[in-house]
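Read the structure below first, then the notes.
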Amino acid sequence: MKFIIAALLVFVVGLAWLLNAEMTTSRERQDQIEQLKLRLADKSRRENLELQEKCALQAERMFRRLGYEGSYESHYNAERNKCFMTVDVAGTLRPLRITKFLYDAYEQREYAAFQLTGNLRNPPEVCQLKSPKEKQISCNSPQEYEAFVRRYME
């Protein structure tokens with residue numbers, strides 16, 4: 001009987017030792033996974049910054065090539081893996097004229113165009129929205145245009 005109790009005790013101690021070893025290994029692996037996740041996130045951030053920089057340079061080149069006077073803003077959209085730019089053309093005409101565009105800076109594809117002259121309460125003369133997979137649609141207000149552009153510039 002004493003022998004059986006001693007054997008069971010040795011068996012339980014052995015199981016406890018194995019469980020402890022497995023838990024230690026599991027913790028070490030979890031730490032390794034966390035370190036890899038951090039390195040991957042850091043690498044992704046660096047790559048995203050590099051793509052943002054390249055996008056900014058491409059947008060500047062395109063803006064100069066188009067010859068607009070005004071301002072532009074670039075944005076690398078990681079979800080779409082594309083470089084977009086908005087252009088606000090300087091208007092010196094009276095009455096006031098607002099002209100805006102959304103482009104893919106690499107493909108030089110126009111996604112949206114907006115033009116409004118005079119009173120901001122007037123409907124725009126031009127308000128065309130062209131997403132990649134949808135047909136071209138017209139919009140009726142600056143708010144519709146801006147909502148469409150935000151989908152690409154965020």
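State whether one or more residues within the range 28-38 are among the basic types (Lys, Arg), under 30 Å from residue 131 (Cβ atoms) and out of contact with any Pro (no Cβ under 7 Å at 6 or more places or on another chain). Outline the logic, then answer.
Within the range 28-38, the first condition is being among the basic types (Lys, Arg), and the residues that meet it are 29, 37.
Retained after the next criterion (residues that are under 30 Å from residue 131 (Cβ atoms)): none.
No: zero hits.
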Exercise. Going by the structure shown, is residue 152 touching a residue at least 60 places away in the same chain (Cβ under 8 Å) and either surrounded by 15 or more Cβ atoms within 10 Å (Cβ to Cβ) or not in a helix (DSSP H, G or I) (or both)?
Worked result: yes
Exercise. Right, residue 81: loosely packed, with under 14 Cβ neighbours inside 10 Å, free of Cβ contacts under 8 Å to residues at least 40 places away in the same chain, within 19 Å of residue 148 (Cα to Cα) and not basic (Lys, Arg) or not?
Worked result: yes
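Hey, among 87, 126, which residue is modelled with pLDDT of 95 or more and surrounded by 14 or more Cβ atoms within 10 Å (Cβ to Cβ)?
Values: 126 fails: modelled with pLDDT of 95 or more.
Criteria check complete, one pass: 87.
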For this session: For the range 30-47, state whether one or more residues are assigned to a helix (DSSP H, G or I), touching a residue at least 12 places away in the same chain (Cβ under 8 Å) and under 43 Å from the mean Cα position of the chain (by Cα).
Result: no
Exercise. Name the pairs: first residue in the range 115-130 and at positive phi, second residue charged (D, E, K, R) and modelled with pLDDT of 80 or more, Cβ to Cβ under 9 Å, at least 6 apart or on different chains?
Worked result: 118/97
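Considering only the range 63-78, state which residues are out of contact with any Cys (no Cβ under 8 Å at 6 or more places or on another chain), in a strand (DSSP E or B) and surrounded by 12 or more Cβ atoms within 10 Å (Cβ to Cβ).
Quick first cut of the range 63-78, residues out of contact with any Cys (no Cβ under 8 Å at 6 or more places or on another chain) only: 63-73, 78.
Okay, now just the ones that are also in a strand (DSSP E or B), so 70-73.
The answer is 70, 72, 73.
Has the range 8-17 got any residue that is surrounded by 10 or more Cβ atoms within 10 Å (Cβ to Cβ), without any contact (Cβ under 8 Å) to a residue 60 or more places away in the chain, on the phi > 0 side of the Ramachandran plot and not hydroxyl-bearing (Ser, Thr, Tyr)?
Within the range 8-17, the first condition is being surrounded by 10 or more Cβ atoms within 10 Å (Cβ to Cβ), and the residues that meet it are 8-17.
With the extra rule that they be without any contact (Cβ under 8 Å) to a residue 60 or more places away in the chain, the set shrinks to 8-17.
Going one step further and asking which of them are on the phi > 0 side of the Ramachandran plot, we end up with none.
Checked the range 8-17: no residue is surrounded by 10 or more Cβ atoms within 10 Å (Cβ to Cβ), without any contact (Cβ under 8 Å) to a residue 60 or more places away in the chain, on the phi > 0 side of the Ramachandran plot and not hydroxyl-bearing (Ser, Thr, Tyr).
The values are calculated or read from the model by the stated rules, or taken from the named source; none is laboratory data. Treat the numbers as computed from the prediction; the structure is a model and nothing was measured. Cβ: placed from backbone, ideal geometry, glycine included. Neighbour counts: every protein chain shown.
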